[in-house]
Amino acid sequence: MAEGLGWWGVPLAIVAGTMRGGTPFLFVSLGECLTEKSGKINLGLEGTLLTGAMTAYGTSYLTGSPWLGILAAGLAGLVLGSIHGWLSQQYRVNDVAVGIAMIIFGSGIAFFFGKPFIQPSAPQLPTLNLAGSAVSPAVEAALQISPLFLLGIALAPLMTWFFKSTRWGLYVRAVGDSPDAARAMGVSIFKVRMLSIMAGSFLAGIGGAALSLYYPGVWTERISSGQGLMAVALVIFARWNPIMCLWASLLFGGAQALGPALQSVGIKQGYYLFNAAPYVLTLLIMILTCSPKRTLAGVPGALGIDN
Amino acid sequence: MQTWRRTLESLCLSFGAILVGLLLFGLFCAMVGANPLEVYGLIWKAAFGSASTFQNTLIRASPLMLSALCTALPARLGLVIIGNEGALVMGGLAAISIGLAIGTALPPILVQTAMAIAGLVAGGLWIAAAGALRHYRAVNETISSLLLNYIAIALLNHLVGGPMRDPSSLNKPSTFPLAEVNMLGDIPGTRVHWGLVYGLVACLITYFLMQRTTFGFAARTAGGNVRAARIAGLPVGKLTVIICFLAGSCAGLAGMVEVAAVQGTANESLNVGYGYGGILVAFAARHNPLAAVLISLLVGGILASGGILQRSLNLPDATVLVFQGLVFLVVLYSDSLYGKIRFFKEKPIITTSASPPSSPGEEPVVTV
């Protein structure tokens, strides 16, 4: 991609990677943000992401329409979310444990049904070209923007508005912050959490579609290497604020592009180590921002407390 | 006091959960067009059918036992650690490094001991890091241990693909092979390597450590109520780090066993199946090391049957993953059934005193 640009290819590839690689992070983190605001953690979004990626790719291949693929990915996420939502609210059942089980189950489903789709190539989402025709092809390729990315950018302020200014947003916050108050308001905690988890999983499914239909734009069993999981850490870093989720997703997308960017200018040494950059970054951020002495600002009050 | 009804309840729920998981899996197979009875038959034949296939199961069960302890031990402290895969990989890497460094300069028994210690220490430090971060920086241990998995795998890929690569391993990058004499042998009369004994001994030791010693009691107290443990003067931080170290060293030993008894080198096959499998075993065994031995046999059998399902019924190898996921979900659900089935309820003992005050955790829960 960056041949002919020399070292300038590195920052360019990182900028491009920020937008490309950031898109799945954005959707998953917004989904997880919504889920956690209602007081439950969904670690299983890693499995949801994989199932979404597979469903989107398969649907796009079979029907020829990538947009239908996105919808199907969201719906697949919805189904997995309903399992998580129901099971994690049973008496004595821990939501973190259910999340681990859902990672296994979701990736199992994705790999099982995704086997026939590894070889064929499915129609990809069309992209918008930011750059004019005057620039070199490398720059042009780097500045292709997916409508999914724009959708994600629009979604972040929308979610902020939803939490702040709508009745339903208030319900979600009440259930997540103080279930007793919500109960006194006459809100069904079970229903609100169920819907939040399902909607969050819907978004995570679309995040999977961004992986398989936009960037990297293929379906393999290694397409998501922990991105669903990093998104969970990212929400903590973003302090459960959708706008912050947007910035954090871009940061993580950039970190992810580091390995491929260096490889494209011919640095082969330590390729795998650079690919681990997002994990190290996540860990470092968590070490720096967490503290045993105070609870984090913005954390939903009932998060991590069993029923 | 545990009465027979309680014991029966936990036995029935554990095995019932696995049975229901099997039924759901049969349903899944029927949905994708495979005959469930045929699938069951194949799993049975591949896992427990004959002495020869049962040995395959045993070979797979031993790393599972060790890997399960990595989740089961911290669970007694109330921590959900799922860094099994990372600790296993680090243990395997450390073991192969020591094994290759010493080569044939020392007698095999010493080399094997050094490899085992290297595996124990490397895996232990890996998970102890997650425990220390949890205690001193309040970093969520589930997420940090999972991130450590990916970092360990990246490290493995880096070392195996570059600095430690054997140039003759073309399509599957591996390290230089371990000298034949240093390989962990088989238990006489079987094809099962000594790793099985490692697994059994580790499960026994940890069971006694957690259930029969002051140390284990302190750990379980801290797991039950951190504040009470602090007031009682227990060093919660030290306990956390030590338990996590022990947990990680078990998984690290599993890595050493995989390297020294099965693979003979370190390559990407190290991180296949035993990470998630171990987590499943730990949860299904309700974090009891002795129960983990039995459940490991079951899950090891399922892992062993993966290849046959693929060959005879043309099912993808992810079938095993779907099965594991289903069983895991049902096992978690079965936890909510404790105390709900009338048959297992204790008969109320008629005494003169008033009804005892409800203890914490047994208050009626308002479900919405």
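Note down the nm distance, to one decimal, between modelled labels 7 Å out along Cα→Cβ at residue B:217 and at residue A:63.
6.4
Please check which bits of the range A:174-209 a label hung off residue A:295 would reach, taking the label as a point 7 Å along Cα-to-C-beta and the cut-off as backbone N under 14 Å.
Flagged as within label range: A:174-181.
What order, most packed first, do the peptides A:234-243, B:307-316 have when packing is the mean number of other Cβ atoms within 10 Å of each residue?
Working: A:234-243: 21.1, B:307-316: 15.6.
By packing density, highest mean first, the sequence is A:234-243, B:307-316.
Straight-line reach from residue B:45: which lysines have a Cα under 28 Å away, not including same-chain ones fewer than 8 places off?
A:115
With everything on Cα atoms, drop me the angle between helix A:227-237 and the longest principal axis of chain A, reported from 0 to 90° to the nearest 10.
Once rounded, one gets 60 degrees.
Going 7 Å from the Cα of residue B:204 along its beta-carbon direction, which residues of the range B:227-253 have the amide nitrogen within less than 12 Å of the resulting point?
No residues fall inside that zone.
Suppose every Lys and Arg Cβ carries +1 and every Asp and Glu Cβ carries -1, with no other charges. What dipole size does the range B:194-316 come out with about its Cα centre, to the nearest 20 debye? Walk me through the intermediate numbers first.
Details: 7 positive and 2 negative charges, 112 e Å.
So the magnitude is around 540 debye.
Treating cross-link reach as a plain straight distance, find the lysines whose alpha-carbon is under 20 Å from the alpha-carbon of residue A:37, omitting any fewer than eight places away in the same chain.
A:164, A:191
Enumerate the lysines that residue B:238 could reach by cross-link, defined here as Cα to Cα under 20 Å, with residues fewer than 8 away along the same chain left out.
Excluding near neighbours in sequence, the set is A:293.
Could you list the trypsin sites (Lys or Arg not before Pro) in the range B:1-68 that lie in coil according to DSSP, counting only those with at most 13 other Cβ atoms within 10 Å of their Cβ?
The qualifying sites: there are none.
With r defined as the distance between the Cβ atoms of residue B:231 and residue A:166 and R0 fixed at 60 Å, what FRET efficiency is calculated, to the nearest 0.05?
0.85
Peptides B:78-86, A:288-296: what's the order by average Cβ count within 10 Å, highest mean first?
Highest to lowest by the protection proxy: B:78-86, A:288-296.
How would the range B:64-292 be classified by its alpha-carbon gyration tensor: rounded, prolate or oblate, with rounded meaning a/c under 1.5 and the a/b versus b/c comparison settling the rest?
Since a/c reaches 1.5 and a/b is larger than b/c, the shape of the range B:64-292 is classed as prolate.
Going 7 Å from the Cα of residue B:38 toward and past its Cβ, which residues in the range B:294-315 have a backbone nitrogen under 17 Å from where you end up?
What the label zone holds, given the 17 Å backbone N cut-off, is B:306-315.
Please work out the C-alpha center-to-center distance from the range B:1-75 to the range B:265-330 and express it in whole Å.
Value for the Cα centre distance between the two parts: 9 Å.
Using Cα centres only, tell me the gap between the range A:263-300 and the range A:160-204 in whole Å.
Using only Cα atoms to place each centre, the spacing works out to 30 Å.
How crowded by other chains is A:232-238, given as the mean number of beta carbons from other chains within 10 Å of each beta carbon?
2
For the range A:39-186, rounded, prolate or oblate, judged on the Cα gyration tensor with a ≥ b ≥ c (square roots of eigenvalues), a/c < 1.5 rounded, else prolate if a/b > b/c?
Working: a/c = 2.92, a/b = 1.45, b/c = 2.01.
In terms of gyration-tensor shape, oblate.
Starting with the highest mean, order A:219-227, B:251-259, B:115-123 by the number of other Cβ atoms within 10 Å, averaged over the residues of each peptide. Before the final figure, lay out each step's value.
On the way: A:219-227: 19.0, B:251-259: 33.2, B:115-123: 25.6.
Descending mean neighbour count gives B:251-259, B:115-123, A:219-227.
Averaged over A:85-96, how many beta carbons belonging to a partner chain fall within 10 Å of each residue's beta carbon? Don't jump to the answer; show the numbers that get you there.
On the way: counts 0, 1, 5, 1, 3, 7, 8, 10, 6, 4, 1, 6.
Mean shielding by partner chains, rounded to a whole number: 4.
Would you mind checking the tilt of helix B:108-137 against the longest principal axis of the Cα atoms of chain B, expressed as 0 to 90 degrees and rounded to 10?
With rounding to tens, the tilt is 50 degrees.
For peptide A:102-114, what's the mean number of Cβ atoms from other chains within 10 Å of each residue's Cβ?
Across the residues of A:102-114, the mean count of other-chain Cβ atoms within 10 Å is 6.
Does anyone have the angle between helix B:51-76 and the longest principal axis of chain B? Alpha-carbon axes, 0 to 90°, nearest 10?
60
If I model a spin label as a point 7 Å beyond the Cα along the Cα-Cβ vector, how far apart are those points for residue A:268 and residue A:150 in nm?
4.1
Quick check on chain A: take the gyration tensor over C-alpha atoms, sort the square-rooted eigenvalues as a ≥ b ≥ c, and tell me if it's rounded (a/c under 1.5), prolate or oblate.
Prolate.
Chymotrypsin sites (Phe, Trp or Tyr not before Pro), restricted to the range A:33-115: which are DSSP loop and have at most 14 other Cβ atoms within 10 Å? Kindly include the intermediate steps, with their values, before the conclusion.
Values: sites: A:57, A:61, A:67, A:86, A:91, A:105, A:111, A:112, A:113; in loops: A:91.
Those satisfying the criteria are A:91.
Give me the distance in nm between label points sitting 7 Å out from Cα along the Cα-to-Cβ direction at residue B:110 and residue B:45, one decimal.
5.0
Dipole size in debye (nearest 20) for the range B:64-292 around its Cα centre, Lys and Arg Cβ +1, Asp and Glu Cβ -1?
Using Cβ point charges on Lys, Arg, Asp and Glu, the range B:64-292 gives about 900 debye.
Where a number appears in this text, it was derived from the coordinates with a stated rule and is not lab data. Remember, predicted model here, so these are calculated numbers, not experimental data. Quick reminder, even Gly has a Cβ in these numbers, built from the backbone with ideal geometry, and neighbours come from all protein chains shown.
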